[in-house]
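Written below as structure tokens is the structure these notes are about.
Every number here is computed from the coordinates shown, using simple stated rules; none is lab data. Nothing here was measured: the structure is a model prediction, and the numbers come from that model. Don't worry about glycine lacking a Cβ; one is built from the backbone with ideal geometry, like all the others, and counts go over all protein chains shown.
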Amino acid sequence: MKPIALLLLTALALPGQIGRPTVVVDGDGYFPVLIRLQSGEALAVLRGGAPHVGVKGRLDLVISKDGRTWSKPWVAIDEEQDDRNPAFGQLKDGTVLLAYCIASGYDATGLKFVGARKDRGFDGVYLTRSTDKGKTWSKPLRDETIYKFYAGQGHVSPYGKIIQMPDGDVLMAVYFEFFDERGNQSYLFRSRDQGKSWGNPVLLGKHYNETAIQRLPDGRLLAALRSEKGGHLAVSESKDQGRTWSLPVQVTKDQEHPADLIVLKDGRVLMTYGQRNAPRGVHAMISSDGRTWDPARRMVLADDAPNVDCGYPSSIELATGQILTIYYQVDDLQNAPASAKAKAVIWTAPK
């Protein structure tokens with residue numbers, strides 16, 4: 001497939017369309033993934049219990065009816081090792097699907113890995129299901145197909161929103177950090193049994209990792225991939241339900257990552273992403289077709305993060321037509337996770 005044509009212009013923020021951020025979680029709240037339930041409520045999964053690295057890492061949930069007031073966090077997954085890196089979605093039958101990985105190999109403090117990077121354990125991708133909006137969850141099960149794909153050769157992580165196709169197939173982006181010259185590779189995995197088992201891996205991009213996926217109104221699939229080097233975003237598309245993909249084409253500068261993708265009610269594609277160049281925070285761009293991106297209409301959703309430990313936005317469109325974006329930042333790198341926060345902002349997309 002041919003590379004996607006892109007339009008890159010000088011970026012200007014559009015003023016007067018962004019609300020004041022509210023704190024969703026204080027003292028935790030890393031790496032949120034936000035979905036809109038069929039009930040209209042906003043449900044987010046976040047990392048709690050530890051900073052980026054820590055054996056006490058767990059997965060928490062928060063819920064909101066309007067994006068302005070939020071529940072207190074409650075625990076979805078908290079087992080012996082470090083539960084981390086969630087992917088999240090709701091299926092057509094109402095089931096909420098949560099995927100994550102388990103990291104091990106910590107020292108006695110539980111705050112540092114022992115040995116080299118290859119000595120860390122990343123024990124597969126686990127999946128669990130909820131039929132009551134995340135209040136209770138099934139026993140997590142490791143997917144053996146994904147595990148055998150990389151076991152002994154590297155690390156693994158799912159990422160972003162899990163989506164379901166019109167024919168019922170469920171799609172999830174999974175990336176690998178191989179120990180050899182392959183480095184980071186991003187793949188698409190497919191489930192034909194409501195997310196119970198996974199297979200049919202398709203390469204999305206060599207030397208890419210965290211990848212957002214979304215189905216567009218015309219049936220194409222769009223992927224936004226974070227580069228292994230530089231940390232920029234590139235986009236790729238599939239015209240055959242995710243079986244083949246175009247070559248990724250860069251759309252942001254280095255240190256502008258990772259991405260989240262949603263389709264707005266008017267058919268346009270929204271990409272929100274972290275901005276780790278000063279002033280740091282969260283940006284958004286809108287495309288009419290997923291191919292051309294116009295940074296001149298870029299939205300600066302947040303620009304007050306004091307350091308690069310920030311971003312990872314995830315968005316939904318509310319019933320009002322406004323956008324709800326949740327993200328995180330760490331105010332004091334020497335006092336994490338206590339100084340970490342998940343924040344939410346409600347804003348209006350430009351016409």
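Annotations
- Among TYR147, TYR328, TYR30, residue whose mean-square fluctuation peaks in a GNM of the chain (springs only between Cα atoms under 10 Å): TYR147
- Label separation (GLN255 vs ASP119): 3.1 nm, computed from points 7 Å beyond Cα along the C-beta direction.
- Multiplying the residue separation of THR244 and LYS133 by 0.36 nm and removing their Cα-Cα distance gives an extension gain of 36.6 nm.
- Ellipticity estimate at 222 nm from DSSP helix runs (n ≥ 4, -39,500 (n - 2.57)) divided over the chain, nearest 500: -500 deg cm²/dmol
- In this Cβ point-charge picture (+1 for Lys and Arg, -1 for Asp and Glu), the chain has a dipole of about 600 debye about its Cα centre.
- Using the Cβ-Cβ distance between TRP74 and LYS229 with R0 = 35 Å, the FRET efficiency computed as 1/(1 + (r/R0)^6) comes to roughly 0.35.
- Reach of LYS341 by Cα under 19 Å, taken over lysines that are not fewer than 8 positions away in the same chain: LYS56, LYS72
- Extension gain, ALA108 back to VAL23 (0.36 nm per residue minus Cα-Cα distance, nm): 27.3 nm
- Potential lengthening between LYS196 and ASN277 on full extension [0.36 nm per residue; Cα-Cα distance subtracted]: 25.2 nm
- For the set LYS92/LYS265; LYS92/LYS148; LYS118/LYS148, the pairs lying more than 22 angstrom apart at their alpha carbons are LYS92/LYS148.
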